[in-house]
Each structure stands twice: as structure tokens, then as C-alpha cells.
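Undergrad: The structure that follows is given in the form of C-alpha cells.
The values are calculated or read from the model by the stated rules, or taken from the named source; none is laboratory data. Just so you know, these numbers come straight off a predicted model, no measurement behind them. Positions of Cβ are backbone-derived with ideal geometry, glycine not excepted, and every protein chain shown enters the neighbour counts. Only protein heavy atoms, including side chains, enter the accessible area calculation; ligands, DNA and RNA are left aside. Shrake-Rupley method; radii C 1.70, N 1.55, O 1.52, S 1.80 Å.
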Amino acid sequence: MKTTFFSLLIIITIIIASCKKKDVNEELQPTPPPVNIPTETGLLTYEPAFPPADEPVTFTYDATKGSSALKDLAGDVFVHTGVITDKSTSPYDWKYVKSSEFNKPVEVTKLTNLGNNKFKFTLTPKQFYNVPAGENILKLAMVFRNADGSKEGKNTDRSDIYLPLYNKNELNVRFTNPESQPLYLAVPTVKIQMVGEELVVVAVASKVSNLTLQLNGTNFGTANDAVKISATAKILTTGKQTLSVTAIAGGETKTSSFDFVINGTVVTEALPAGATDGVTFINGGKSAIFNLYAPGKQFAYLIGDFNQWTSEPAYFMKKTPDGNRFWVQVVNLDAGTEYAYQYQVDASLTIADPYCQKVLDPWNDIFIPVSTYPNLKKYPTGKTSGIVSVMQYNPNPYPWKVNNFARPNKNKLVIYELHLRDFIAKANYITLTDTLDYLSNLGVNAIELMPFNEFEGNDSWGYNPSFYFAPDKYYGTKNNLKAFIDECHSRGIAVIMDMVLNHSFGQSPMVQLYFDASVGKPASNNPWFNPVATHPYSVGYDFNHESQATQYFTKNVLKFWMQEYKIDGYRFDLSKGFTQKNSGTDGGAVGPWGEYDASRIAIWKNYNDYMKSIDANNFYVILEHFAADAEERELAAQGMMLWNNVNHNFIEGTMGFTAGSDLSRSIYTTHGFTDASGLITYMESHDEERMMFKNLKYGNSAGSYSVKDVNTALKRQELAAAFLFTTPGPKMIWQFGELGYDISIDENGRTGKKPILWNYKTISQRKNLYAMFAKFIKLKTKNDIFNTSNIQHSLNGAVKTITLKSADNNVVVVGNFDVVDRTANIEFPQNGQWIDFVSGSVINVSGTLSKTLAPGQYYIYSSKVFN
């Protein structure tokens, strides 16, 4: 079966300048007046039509066009702007940026509000940017924004906006219709789609000229002694079309042209057997099948290194009989070569492959150090725009050393949550691997890496994901990541991946494929995303996890990392958001959102069952859920593990404010759980304020005893850790908590870079805290008593106690969280000798032991020597 559809696609805009033929009398001719024909009405209009660097240019920004993020903005619009000069090394190498303060209002860059979402600005480039003599401005580069920089007006593909400048003494010619998008390489938007349709073409010249319009080499319009030409071209054939305008004035000739394609028949044909999503290599890597899921779209092209980034008929994609997929087979590939590629969909959209395992980012890759990612493929500047995909048949397979890793028992799991950027200065896998001795000596048996699949930008926590099969290059190569995981496994350390599937961000091709730019939201027909989030605290664009397309995609993502990278578990960010039960997005919706939700449970059971089918070997499924206990109990009964945030209570305790320091929720039975393995308790995470920061800033005091004293505060962290690690169940610590890290979460902005204070390792009291964390972790992981279900506790007062019982050992933990002495009446489960874990001393107990505890003092007693 074949379906016929005629359509059009732009290939590229080309400017060709011939040699100037100078007339001997030219210098005596009067200079023609400036051509002040406004440009096409679009995202960015400007006059004059050929602005020079040393004269005023006025541009008007239409906030309803392009990314439309500033549409109907109540406040002022500012332009973040610089210039591309003849000394710029790339389209992203802005020079003489007017202000570096992107998140503050800068008066000199404020536009005049014309009403109706239009804003105007006038400047003289040389003066405004203060560009020195001898340096030529080629383009103005700009991003429009609101006062705090939280919203950005860009091109439809979210790239920066460019305005070209011209040499006023030279002849120039360009099209004003079809309208051009203000990309670095301006791309005309031709809207005709069928053979037989007509295209109105308008072009202007910078001098009075003889103008000629041609379609495929045939004239269809002329204008003599004019600065503007307008004519109508009729499309007569399918295939590549070349539209050009030529201006001749005073012996000088300039031509501007661009190519577009009127497609022929869209062939309907089944996807070849064995072809998977994305790229499937065949014939030993000499051929590849490209497969794009895009239901409802009309046509697609594959462009890339293999066809000079042009929309050729051989790369016009076939459509599957169900209308959901486009595919094409490419031949004559070199199996050892990396190829960059994109899809062009319905003439108006160019996207990367959602399933690609590597991308090239024109805006951020230039900041990746060569030492982190050597020999990174260069971006195809001048051939395309936006994110591009990369594929290679055989890219140096990693030789795994450990193929039979035994994951730690869930009840003995001690997770170290880590963010590469803020843990080591080089922020790469190679250095992290070299730093593993520090974590091995601490005794943790799992590392949870904050998100490391491709996210927007480089400097990020990673919760703004865009590509789900590609490791973010800012941290290193694929094999660097695999080597890190392999080395962790050789040390008995599991690696847990922080996975963000509640939402995605605007660079995601799945967002871009179905996006309503007029409202700045995913379109209602987007197969994966909700137009509006169904719950509070959502950022980016909200996945619809009841959609079959989303479930299919999610399962492919989960399977990929489990098999390709030997990941040992996932921590799912904002797992409570996996629901279509609409609780609203404002503050009042938080309570209803957390109520028992049977549909959300069904979604998570489905995903959990799938992960078990891939790997039943104690794979960790960890949810940042924070829902009703009844819901969490049901999920835990399926083997899932729930984050248990006791940060507030632990901080109140270490600060010495005991009224709010009830630690009872650190015990799994208070949640109604029947098994401790379902609850991962922590007193710090990336999302919480640092305990030491609050100790030092707000700590309580009595007499000469003050929690604000750094050594006192560190000892109270030791007290808290004693209670964290002795309660049954898995635990988590946030990086450098073991050294008493005391920089606020809000330093340099909540998600901004934090100081990396490895010098804390050399400070005596902080070294001691690290040593005690290591002792507590070893205690927990080496002794089964800390897995017992026989627990008694009193954790809501100033003096807190935990009693653990088992057949061969008993443990009593007692501590004073007050800032004054307290008397503890300690009930021991048996008389006789008890060993103090910290000092090693032995006490004899007969009945209740009454003991005065100094502020922050604690004991861990056991009835037998620990392993």
C-alpha cells in the first residue's frame, strides 16, 4: 500500500557573492539613499533592511512568535545581547556582551513596550557594544528575557536569535518573503506543500539594482532600477527546488539563494524485522535503519553527515502502515565512523533522535574540557542548528571486569548520594574513580549519582533532562562511566542512578515534536506529555504515565541502563508525580496529591514488575514518594524502597531544640511497614538544608555550652549519626555530611555550585566525625542485630533510646539531645556485662541503670562484642 502526499522542506540558505567589478567612475557617483524597507513581520523585524554597524538599527520583537515564552508577560522585557565579530570562533562565541547579569533587570537593555506583545529597541551597534576599531561586527546575538531571567524568548527551536549586519558600501540582496527565521544561518519558512501551488516571493537590495528572480534557473520576475522585487513562482515538479534572486548595480553582482524540496510519494511500508527504536545497524555496520516514532506527522527526512545535511529523496522516510513510525535504511556507511544526524519533520521542525546515545550541543559542548572528553566530535556548524544525534556502529566496547556482582542486602544498604559537580573539582568520572578509596574507607556499599543522562546545560543538578539514553558528556565518556561502575563493583559498591521520568525539558525532541508554541505547552496530541501538570512541584513538561507511548518509552529507558551500564538500581525523582489524578498545581494541592492513589500504585507496580523481569537479582527500585503511609506500604510490599526524610527532626535535635526532635519516623514500624528494607532513612539529602549550617547559625545554648561552637556542633552530628545507623533498614548520607559540611543549600542559589571543601579532611574534629561515620557504617553492615524486627524505642524526648533484640545479641542506644545535663533511666533487656561500643569499656548491669548524660553524650551498648 502506498499513500501519496506532496510536501516541502527547506534544505539550506546560501549566500553567494561574486567578485566586485569596479567602475572607474563609481567613486564620482552619488551614494543612493539608505533602503528603509522593513523586514518581514515575524519574530524579529528590523529596519533598515541592511543595517550597518555604525548607524542606528531598530528591531521589534514579537513575543508571540518563536519560543513564545514571554507572551503576555506582565513586566518588562530585556535583551541579553552581544555580537558575533570576525574574531568570534563560533556562533556561540559572543563578544562584548552588554551585561553579565542575566537574572537582574538591566535598564540599558530594556525594550519599549509597544503593546500587543511587541517590543522595540534602537541601538547603534559600534557604540552600544563598544566594539574597538578594526574589529568587524557580523551579527547581533540576542536572547530576550524577563527581569529575573526565568523566561527566555528565543527561536522556535530555542536557539539564540541573530540579526545580520552589512557593509553599507557593498551591494547586498536578500529575501523578505518567504519569511526567514532569525537563526545564525537564516532559514526561510516556505509554507506551500503541493505541486501546482504558487509562492509569492519578495526580495530587496541595498542599492538601486537590476533584480531578477529565478526558480530552478528559469526567470519568473524582473525589476530594473529598483530596490525591491516581487513576483509569483508556480511549483511545477517534485524534488529539489532552487529559488534565487540576483542584483546587479554598477558592475557589482550579488546572488542570494536557497533550496527547498517538494516531496513526492510517502511510501507506506512495514518496518523491517529486527529494527528497534532509533538506529539499528545491519550488515556489520555498513548499513543502518533509522526509526522515528511520530504518530500523526505527515512526512520526515533524515539528514546528517552521510548526505551533507541535505533533504535528498533517498533519505525521505517511509511510513509504517499504522501511521505511527517513519523509517529509512542508509547504506554505504563506515562502521568505524561517528555520524551526526537529525530528523526533519513536516518541513517545520528539525530534531535529534530521542533514542540516540550521544548528542552534540552547539551551546554547551565548547565548555567541556578535553581532559574530560577527548576527541569530542565537532558540531556541524553552518550545516544545521539545535541538538544533533550521534551514532556509531562499534565505538570501542568496554571490557567489563566484573560480570557477577552480588548487590548488598537491602537491609544493610548504606547509600552515598553524590553530585559530581560539587564533589570533585574536575567533575568527571575519571577523577571520581580515582577518589573511590575515600568512599571505600568510609564503608558505604552504594553510590547514588544525581542525574547523569543528558540534561540542559552543563552546570546543573541534572533534574532538567532532555535525552534519556545518552550520558551527559560534561562528566566524561561512556567508557569512563562504565569504568567507574566496574570499579565500584570490584569494591562491593553498587551504583544507583537518579532517574528523572516525572518530567522532561524543552530540548527533548519528544517535547518539540508536539508543542504548542502559542501557549508554551505540549500540544494536546503529544503522545507522552500532559499539556498541564496534574500535580504540584512539577517543573519542565509533565509525563503522562497512563499513556501507552510513555510506558513503552519508560520501559525502554529502564532496560537500557540496566543492561548497557549494569546499573544496580534507580532512585526515581518525584515518583508521586506519576499520576493522572489531577490534584492541581497550587500549594493547596499538596495534601490531596499525597493521598492514597490506586492508579499511581498500578503504574508503579507495572514498572516494578518490568524491572524485575529484566533483573530479579535484588535490583533497587527507590521512590522519592512522600505519599500516604497506606500507599507506601503497598509499594514496599512489592519490594520497592521509599525515601524517608527525617531531616527536620534530626536538625531540631542537633540544634538542641528537643520539642521538635521526635525521631520515631526513622523506625519502619511507625509507618506500618512489616519489613525495614522498604524504608531508606536519611537526615540529609541534596534537597535539604545542611545540618551543620543550621547548627552553627541557629543552634541552642545553655551557659557555656553552645551548639554554635563548631566542635560542639560536630559532636552533635556524631550523636545524630549514632541514632541514624543503629535503626534497622537501609540508610543514605549526602556527600560530605561525614565531614560536617556547613555551607547552606542556598549558597550561590539552591542548585548552584557549592564550594568543594576537601581541606575538611585535615581538620581534627572533622576527621574524627568521618572516622565515627565509618565505624557506625561498619557496625551496621557487619552485624545482623541491626536487621532485627524486635525493636523498642523512645525517640520523642530529650533523652532518646533504642533497644534492639535478637537471639544472639542485644543493643541499647541512648543519647542526650538537650543542651543541659539529663538523667537517663536505661532499661536493659538483660542483666550482666554490657560493652560500650565507642570506648570498649565494660559495665555490669543489674536492673535499670540511672546515668547522667552531658549535652550531646551518647552510648551504644551491646551484650556481646560486635563483628
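Undergrad: Could you report the stretch 177-227's accessible area per residue, 1.4 Å probe, as an integer in Å²?
TA: 46 Å²
Undergrad: On the first, second and third principal axes, largest extent first, how far apart are the outermost C-alpha atoms of the stretch 592-652 in Å?
TA: 43, 26, 14
Undergrad: Something else: Share of antiparallel DSSP beta bridges in the chain, in percent to the nearest 5? The partial results should precede the final answer.
TA: On the way: 141 of 171 bridges.
In the chain, DSSP labels about 80 percent of beta bridges as antiparallel.
Undergrad: Nearest 5 percent is fine: what portion of the DSSP beta bridges confined to the stretch 504-635 is antiparallel?
TA: Details: 4 of 8 bridges.
Percentage antiparallel, nearest 5: 50.
Undergrad: Taking the solvent-accessible surface of protein heavy atoms with a 1.4 Å probe, what is the per residue accessible area of the stretch 499-651 in Å²?
TA: Working: 5090 Å² over 153 residues.
The answer is 33 Å² per residue.
Undergrad: Around D597, under 14 Å between beta carbons, what's the net of Lys plus Arg minus Asp minus Glu among the other residues?
TA: Working: positive: K576, K581, R600, K605, R633; negative: E546, E595, D629, E631, E632, E634.
Once positives and negatives cancel, what remains is -1.
Undergrad: Per-residue accessible area for K559 at 1.4 Å probe radius, Å² rounded to 10?
TA: K559 exposes around 80 Å² with every protein chain in place.
Undergrad: Here's a follow-up. Using a 1.4 Å probe on the protein heavy atoms, what percent of the accessible area of the chain belongs to carbon and sulfur?
TA: Numbers: 16440 of 33960 Å².
C and S fraction of accessible area: 48 percent.
Undergrad: D709 to E312: extension gain in nm, 0.36 nm per residue of separation minus the Cα-Cα distance? Could the numbers behind the result be given before it?
TA: Details: separation 397, 0.36 × 397 = 142.92 nm, distance 7.13 nm.
That works out to 135.8 nm of additional length.
Undergrad: Summing -39500 (n - 2.57) over the DSSP H runs of n ≥ 4 in the chain and dividing by its residue number, what mean residue ellipticity at 222 nm do you reach, to the nearest 500 deg cm²/dmol?
TA: Details: 14 runs with 139 residues, N = 867.
Theoretical 222 nm ellipticity from helices: -4500 deg cm²/dmol.
Undergrad: ³J(HN,Hα) across the stretch 481-497 via Karplus (A = 6.51, B = -1.76, C = 1.60, θ = phi - 60°), whole Hz, x for Gly/Pro?
TA: The phi angles translate into 5, 5, 5, 5, 4, 4, 5, 4, 4, 5, 9, x, 10, 7, 10, 10, 9 Hz.
Undergrad: Compute the FRET efficiency between N825 and D322 as 1/(1 + (r/R0)^6), taking r as their Cβ-Cβ distance and R0 = 45 Å, and round to the nearest 0.05. Walk me through the numbers on the way to the answer.
TA: Working: r = 73 Å, r/R0 = 1.63.
It comes to 0.05.
Undergrad: In the stretch 557-713, what percentage of the DSSP-assigned beta bridges are antiparallel, given to the nearest 5? Walk me through the numbers on the way to the answer.
TA: On the way: 2 of 12 bridges.
Here the antiparallel bridges make up roughly 15 percent for the stretch 557-713.
Undergrad: If packing is taken as the mean number of other Cβ atoms within 10 Å per residue, what is the order of 293-302, 80-89, highest first? Each step should come with its number before you reach the end.
TA: Values: 293-302: 21.2, 80-89: 18.6.
Final packing ranking: 293-302, 80-89.
Undergrad: Which one of P295, Q580, A774 has its Cα pushed farthest toward the positive end of the charge dipole of the chain, where Lys and Arg give +1 and Asp and Glu give -1 at the Cβ?
TA: The one lying farthest along the dipole's positive direction is A774.
Undergrad: Just how far, in whole angstrom, is the stretch 121-154 from the stretch 319-365 if you go by their alpha carbon centroids?
TA: If we compute the Cα centre of each part, the gap is 33 Å.
Undergrad: Among F650, G703, S685, which residue has its Cα furthest toward the positive end of the charge dipole of the stretch 600-736, with +1 on Lys/Arg Cβ and -1 on Asp/Glu Cβ?
TA: Towards the positive end, the residue furthest out is G703.
Undergrad: Roughly what would the spin-label model give for D76 and V519, points 7 Å off Cα along C-beta, in nm?
TA: 3.2 nm
Undergrad: At 7 Å along the Cα-to-beta-carbon direction for both D334 and K753, put a label point, then send me their distance in nm to one decimal.
TA: It is 3.7 nm.
Undergrad: Given labels modelled 7 Å from the Cα in the Cβ direction, how far is it in nm from L436 to N404?
TA: Label-label distance for L436 and N404, simple model: 1.9 nm.
Undergrad: R0 = 22 Å: FRET efficiency of A598 with S789, Cβ-based, nearest 0.05? Mind dumping the intermediate values first?
TA: On the way: r = 28 Å, r/R0 = 1.29.
The calculated FRET efficiency here is 0.20.
Undergrad: Apply the Karplus curve 6.51 cos²θ - 1.76 cosθ + 1.60, θ = phi - 60°, to the phi angles in the stretch 308-322 and return the couplings in whole Hz, x for Gly and Pro.
TA: Values, residue by residue: 6, 6, 10, 8, 8, x, 5, 10, 6, 7, 7, 10, 6, x, 7 Hz.
Undergrad: Please tell me the relative contact order of the stretch 588-636 in percent, rounded to the nearest whole number, where contacts are Cα pairs under 8 Å and at least six residues apart. The partial results should precede the final answer.
TA: On the way: 22 pairs, mean separation 27.1, N = 49.
Taking the mean separation of contacting Cα pairs over the length of the stretch 588-636, I get 55 percent.
Undergrad: Please give the FRET efficiency for F281 paired with A425, using the beta carbon to beta carbon distance and R0 = 41 Å, rounded to the nearest 0.05.
TA: 0.60
Undergrad: Could I ask something else about it? With every protein chain left in place, what is the accessible area of D437 in Å² (1.4 Å probe, nearest 10)?
TA: 90 Å²
Undergrad: Any idea what the relative contact order of the chain is, in percent, if you count C-alpha pairs under 8 Å spaced at least 6 apart? Kindly include the intermediate steps, with their values, before the conclusion.
TA: Values: 1982 pairs, mean separation 68.1, N = 867.
With pairs under 8 Å counted, the relative contact order is 8 percent.
Undergrad: Suppose every Lys and Arg Cβ carries +1 and every Asp and Glu Cβ carries -1, with no other charges. What dipole size does the stretch 226-310 come out with about its Cα centre, to the nearest 20 debye?
TA: Details: 6 positive and 5 negative charges, 57 e Å.
For the stretch 226-310, the charge dipole is close to 280 debye.
Undergrad: Another question, if that's okay. Under 8 Å for C-alpha pairs, at least 6 residues apart: give me the relative contact order for the stretch 80-167, rounded to a whole percent. Walk me through the numbers before you get to the answer.
TA: Values: 125 pairs, mean separation 29.2, N = 88.
Relative contact order, the stretch 80-167: 33 percent.
Undergrad: Between the stretch 797-820 and the stretch 239-288, how many Å separate their Cα centres?
TA: If you average the Cα positions of each part, the centres end up 73 Å apart.
Undergrad: Using per-residue counts of other Cβ atoms within 10 Å, averaged over each peptide, order 394-406, 636-648 from highest down. Don't skip to the end; give the middle numbers.
TA: On the way: 394-406: 11.8, 636-648: 20.1.
Those peptides, ordered most packed to least, come out 636-648, 394-406.
Undergrad: Where does each of 719-726, 621-628 land if you order them by average Cβ count within 10 Å, highest first? Each step should come with its number before you reach the end.
TA: On the way: 719-726: 24.0, 621-628: 20.5.
Most protected by this proxy first, the peptides run 719-726, 621-628.
Undergrad: Counting only other residues whose beta carbon sits under 13 Å from that of N787, what net charge do I get with K and R as +1, D and E as -1? Write down the numbers at each step before the final one.
TA: Details: positive: K410, K412, K731, K780, K782, K805; negative: D675, D784, D808.
Combined, the nearby Lys, Arg, Asp and Glu give +3.
Undergrad: Still on this model: So what are the ³J(HN,Hα) numbers for the stretch 275-292, from phi and the Karplus equation (6.51, -1.76, 1.60; θ = phi - 60°), rounded to whole Hz, Gly and Pro as x?
TA: Using θ = phi - 60°, the values come out as 6, 9, 5, x, 10, 10, 7, 9, 6, x, x, 7, 9, 8, 9, 9, 9, 10 Hz.
Undergrad: What is the sum of charges around Y301, taking Lys and Arg as +1, Asp and Glu as -1, for the other residues whose C-beta is under 11 Å from the C-beta of Y301? Walk me through the intermediate numbers first.
TA: Working: positive: none; negative: E312, D346.
Overall, the nearby charge balance is -2.
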